[in-house]
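Working notes, structure below.
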Amino acid sequence: MQRFTFLLALAGTLAFLVAVILTVVDIVLRSVSGMTVHGLTDIVTLCTMTGALLAIPYGFAADQHVFIDVFTTRLPDGVQRGLTVFALLLAALFLAWAAWFGYEQMMREYGYGDRSQSIGIPMVFYWIPLVSGLTLAALVCVWRAAAGLLTAKEG
C-alpha cells in the first residue's frame, strides 16, 4: 500500500510541476510578447487539486502527518497503540464522509454540466482527484488501523 500511494504522490508532484512550468511560461510570454497561456488559471487549479489530493494518502501510509503527542508519549505502549488505532479509525470515518460529500457534489455538477470559466474543463475533472484521494486516504487509514490491531494481538 505504501508503494502504491508513493507512486500516486509522485504523480501528484508531477501535476504540481506542470502547474509551475505553465506559470513560468506564462510569465515569460507576457514579458516578451504580451501573449499568455490561455486557460492558465483553470489548468493550474486542476493541477493543484490533483497534486495535493494524490499526496494525502501517502502521508497516511507513511505515517507522516502532523500530530501532537505531548501527553501520549508518557502513556504505556499498549495505550499509545490503542489511541493510534482509534485516531486512524476516526480519520477514516471523516475522510470517508468527506469523500461521500465530494462524490455527491461531483455528481450534482456533472448533472448540471458545469464547466470551468476560461477553457471549459468539465468540473467533474476537478472533483475526481478529491473524491479518489480522500477515498484512498480513508482506505489507507483502515489498512493501518487493521495492521495496528494485528500487531497488538501478536505482541
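Do you know which of the residues in segment 55-76 that are more than 14 Å from Val142 (Cα to Cα) and hydroxyl-bearing (Ser, Thr, Tyr) is surrounded by the most Cβ atoms within 10 Å (Cβ to Cβ)?
By that ranking, first place goes to Thr72.
Confirm whether Ala15 is part of a helix (DSSP H, G or I) and either over 30 Å from Arg144 (Cα atoms) or in contact with an Asp or Glu (Cβ under 7 Å, 6 or more places away or on another chain) (or both). Outline the logic, then answer.
Numbers: part of a helix (DSSP H, G or I): yes; either over 30 Å from Arg144 (Cα atoms) or in contact with an Asp or Glu (Cβ under 7 Å, 6 or more places away or on another chain) (or both): no.
The answer is no for Ala15.
Take the residues of segment 104-144 that are of a type in the set (Ser, Thr, Tyr) and more than 14 Å from the chain's Cα centre (by Cα): which is farthest from Thr48 (Cα to Cα)? Show your work before the answer.
So the first thing to find is which residues in segment 104-144 are of a type in the set (Ser, Thr, Tyr), and the list is 110, 112, 116, 118, 126, 132, 135.
Within this subset, residues satisfying the condition of being more than 14 Å from the chain's Cα centre (by Cα) are 110, 112, 116, 118.
Working: Tyr110: 20, Tyr112: 24, Ser116: 15, Ser118: 16 Å.
This residue is Tyr112.
In segment 77-92, what count of residues is obtained for those that are exposed (fewer than 13 other Cβ atoms within 10 Å of the Cβ) and either basic (Lys, Arg) or within 18 Å of the chain's Cα centre (by Cα) (or both)?
The number of residues fulfilling the criteria is 1.
Check segment 44-52 and report whether any residue there is in contact with a Ser or Thr (Cβ under 8 Å, 6 or more places away or on another chain) and either more than 27 Å from Thr135 (Cβ to Cβ) or of a type in the set (S, T, N, Q) (or both).
Within segment 44-52, one or more residues are in contact with a Ser or Thr (Cβ under 8 Å, 6 or more places away or on another chain) and either more than 27 Å from Thr135 (Cβ to Cβ) or of a type in the set (S, T, N, Q) (or both).
Report yes if some residue within segment 108-120 is of a type in the set (A, V, I, L, M) and touching a residue at least 60 places away in the same chain (Cβ under 8 Å); otherwise report no.
To start, the set of residues in segment 108-120 that are of a type in the set (A, V, I, L, M) comprises 119.
Still in the list and also touching a residue at least 60 places away in the same chain (Cβ under 8 Å): 119.
There is at least one residue in segment 108-120 that is of a type in the set (A, V, I, L, M) and touching a residue at least 60 places away in the same chain (Cβ under 8 Å).
Can you confirm whether Arg144 is more than 28 Å from Ala11 (Cα to Cα) and either buried (at least 16 other Cβ atoms within 10 Å of the Cβ) or among the acidic types (Asp, Glu) (or both)?
So Arg144 fails the test.
For (1) of a type in the set (Asp, Glu); (2) modelled with pLDDT of 95 or more; (3) more than 19 Å from Tyr58 (Cβ to Cβ); (4) touching a Gly at 6+ places or on another chain (Cβ under 7 Å), each residue gets a yes or a no:
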site: Met1; (1), (2), (3), (4): no, no, no, no
site: Phe6; (1), (2), (3), (4): no, yes, no, no
site: Gly12; (1), (2), (3), (4): no, yes, no, yes
site: Phe16; (1), (2), (3), (4): no, yes, no, yes
site: Asp26; (1), (2), (3), (4): yes, yes, yes, no
site: Gly34; (1), (2), (3), (4): no, no, yes, no
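Read through the list (1) out of contact with any Phe, Trp or Tyr (no Cβ under 7 Å at 6 or more places or on another chain); (2) farther than 19 Å from Phe125 by Cβ, then give the number of the only condition that Tyr58 fails.
(1)
The values are calculated or read from the model by the stated rules, or taken from the named source; none is laboratory data. This one's a predicted model, so the numbers in the text were calculated from it and none came from an experiment. Cβ atoms come from the backbone with ideal geometry, glycine included; neighbour counts cover every protein chain shown.
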